[in-house]
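Trainee: Pasting a structure here, questions to come.
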Amino acid sequence: MAKTVCGFCESTTEKITYEHVFAEWIGPLFGARQPGMVVRHTLKLDDTAIPPRFSYGLDHRVRMPCRRCNTGWMSGLEDIVKPIITPMIQGHVGRLLTLSDQVVIARWAVKTAMVVEYMMKVEKRYFTQAERRSVMDDATPARHIGAHVWLGRYGSQNYGVLGLISSLTFEDRILRAHVSTFAVGQFTVQVLVERHSVGKAIIAARPGPWDELLIPIWPPPPLLHRTRQFWPPQLSITERDFNALFERFLALGVQRGPYRAHRTP
């Protein structure tokens, strides 16, 4: 029987573990595991609904990384990003992001997109093993994978995590891109990965107030441009905006796999 390969380091000897889609430290920011706090997880992949599941935290997990990756570089990345995005998750406005902050968030966002993708069937996954390994090996999201990351502020009530993921295909049914949009509390991040967009400053999208709703943090700007970004953007994202953001890159033959988790009354 073939051995399971780690989704990042490709080890076949290390034990494969269950990784939280969103790290355990995020739940307590919403009061998870406190009396009366229940999170509702609703999963929909490839238009197939799964009955809602209730728990006392953001505990959805996928069997994907090995123990060494999970407790090593992945845990270290969470430790670095935690103090940067916690104020944004909790809605504390006025965060000046240095270039270093942006690089850390971008790498964390791409890593999260790669982990979340394991909730989809194998044939629907966009990232290659080499691309996942590059995120493990490099301190920045490797430029050759064509990753673009934006940040926003979710203005509607959100005591948990909202998320939509999709692999984008066209008429030939070949996977062309991956898009993930997550709202963690008040912190929103969108990841688009499209290999043919490497080196392109502008990505084709449907018309919309994207520049007012989002700030770009990856790829980094040219050296002559400012390297710091101020969060939040001009406009806050509503529930309706959230869906529009997700769909701004969608084209023909899209397969959707949204994941949603929110607090129940």
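Trainee: Please report the net charge: other residues with Cβ closer than 11 Å to the Cβ of residue 17, K and R +1, D and E -1.
Mentor: Around residue 17, the charge tally is +3.
Trainee: Quick one: net charge around residue 95, please, counting Lys, Arg +1 and Asp, Glu -1 for every other residue with C-beta under 13 Å from its C-beta.
Mentor: Net charge around residue 95: +1.
Trainee: Quick one: work out Rg over Rh on the C-alpha atoms of the range 69-152, Rh as Kirkwood radius.
Mentor: Here the Rg-to-Rh quotient is 0.98.
We did not get these values from a lab; they are worked out from the coordinates using the rules stated. As the structure is a prediction and not an experimental result, all values here were calculated from the model. Positions of Cβ are generated from backbone atoms using ideal geometry, with glycine treated the same way; all protein chains shown enter the neighbour counts.
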